[in-house]
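Working notes, structure below.
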Amino acid sequence: MSTLQKSERSRRLLIVLAHGRRMPSATVRALIFLDHMAAAGYSVTTLDHYSDLDRVVRGFNRIYPRFSEWRIPRVAAQSDVVFLCKVVSPVLIGRIRAQAPRARIVLDFGDAMWLHSKQGVGKFGEMLGLVDIVTTDNEYTASYVRRFNQNCLVVPDCPQIESFDQRRPYLAKPDDGRVVLGWVGSPSTTYNLYAVWEALEQLFEHYPQLELRLVGADPRLLPPFEKVRFTLLKNYDQRRMIDEVLGMHIGLFPLQNTEACRVRGILKSTVYMSGGAVSACSAIGEACDLIKDGINGVLASNTAEWVEKVGRLVEDARTRESIAQAGLATVRAKYTITNSFRQLLRAFDRTGIEKGRC
């Protein structure tokens, strides 16, 4: 084996997670690829910018970042690639650049993080210009990034179809006449249910067989439902989420027509598809590129369309199943872990991206 082959097989990769392993983005955007990284010849070290311990030790995150911003650049100096997962810190990135001038710095982020950056939009843009390449989950966010850094690569989120397939033989959707509408999210996205509130009231008034299953919502932030019959699971892990979605017939992905929502990725939609549920989405952002209306999902632009299109799915089980199967085929074709890792590997490889032509 040549010296070059040996060095390529032992490339050192440092992954820096913004808030530790507890954030879904840590799994979907980084940890899900660990086996693939090892197979590609990377020796991986994982560090946290902010610690998980802030949940149990009050004030810990006033201390830990100082330690991590001292430690991370030193580990980066011994690394070939530094992969920053949703790390929004110009100070830390500047220190990494100064202490690890030969490392390839890759910054991954999603959503409209610039809207909520403590440093402001200007500093956020400067931070994007400090790194070698930015990865994100959709072209809408990428168009923003390219204003500051032309080296931007889209790496689609993985709904983990592989894990769904492992659980699929053991779980079945209700076949007793009930139709389960589902929503998976978090406390911070619960507000989007207001976009479909009126439609849900009309649907539940007309269809007694409907049930709404909310996974991850904050009960304090829900619309004050009147006729909507729902159950709620406040906390979940990846395994429980998969089991929940496999029990849904229709998955709801309502969005507000705001900048933050327009740059949202399609992970929620592809998760529903992976679970064999029809993905019913607001006609906003990247969902319009993913979904062929009435074929592999449905798109709705207003309350009337939500009522009409979801109502049709409730009434016609054969159409519902056909669309669900087409959605499942879409995920299998485009959104596997292997396919996404191929794109991420391009970001890690200095020869994989020609400057300004991502």
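Tabulated results
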| read-out | value |
| --- | --- |
| For the chain, built as a Gaussian network whose Cα springs stay under 10 Å, the top-fluctuating residue of T338, T190, T136 | T338 |
| For the range 193-331: rounded, prolate or oblate by the Cα gyration tensor [a/c cutoff 1.5] | rounded |
| Which of F124, L212, A277, positive extreme of dipole for the chain (C-beta unit charges) | F124 |
| Gyration tensor verdict on the range 259-335 (Cα atoms; rounded if a/c is under 1.5, prolate if a/b is larger than b/c, oblate otherwise) | oblate |
| Modelled label reach - R146, point 7 Å along Cα→Cβ, the range 241-278 residues with backbone N closer than 18 Å | 263-265 |
| DSSP loop GluC sites (Glu not before Pro) with at most 13 other Cβ within 10 Å: longest gap in the chain | 1-225 |
| Charged-residue dipole, Cβ positions (Lys, Arg, Asp, Glu), the range 161-334 about Cα centre, Debye nearest 20 | 420 debye |
| Per-peptide average of other Cβ atoms within 10 Å, ordering 74-85, 144-155 highest first | 74-85, 144-155 |
| Within the range 266-282: backbone nitrogen closer than 16 Å to the E321 label point (7 Å, Cα to C-beta) | 276-278 |
| The range 161-334, relative contact order [Cα under 8 Å, separation at least 6], % | 22 percent |
| Within the chain: Cβ-based charge dipole about Cα centre, in debye rounded to nearest 20 (Lys, Arg +1; Asp, Glu -1) | 1640 debye |
| Residue-wise HN-Hα coupling along the range 12-24, computed from phi with Karplus coefficients 6.51, -1.76, 1.60 (Hz; x: Gly, Pro) | 9, 10, 9, 9, 10, 9, 4, 10, x, 7, 6, 7, x |
| Helical contribution to [θ] at 222 nm, DSSP H n ≥ 4, -39,500 (n - 2.57), averaged over the chain, rounded to 500 | -12000 deg cm²/dmol |
| Mean Cα-pair separation over length for the chain, i.e. relative contact order, pairs under 8 Å, 6 or more apart, % | 15 percent |
| Ranked list, fewest to most other Cβ atoms within 10 Å of each Cβ, for D176, D316, D243 | D176, D316, D243 |
| Pairs from K86/K292; K227/K268; K268/K334; K227/K309 whose Cα-Cα separation, in the structure shown, is over 27 Å | K86/K292 |
| Selected from A18, A280, A333 as most flexible by GNM, with the chain as the system and alpha-carbon contacts under 10 Å | A333 |
| Modelled FRET efficiency - R0 35 Å, D175 with R21, Cβ distances, 0.05 increments | 0.40 |
| FRET efficiency, F67 to Y236 (Cβ-Cβ, R0 35 Å, nearest 0.05) | 0.65 |
| Quarter of Cα convex hull surface for the chain, i.e. mean projection, nm² | 19.1 nm² |
| Simple label model, 7 Å out from Cα along Cβ direction - D165 to T258, nm | 3.8 nm |
| Principal-axis tilt of helix 90-99 within the chain, Cα atoms, nearest 10 degrees | 40 degrees |
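Every number in this text was worked out from the coordinates using simple rules, so none of it is lab data. Values in this document were obtained by computation on a predicted structure and should not be read as measured data. Reconstructed Cβ throughout: ideal geometry from the backbone, glycine too, with neighbour counts over all protein chains shown.
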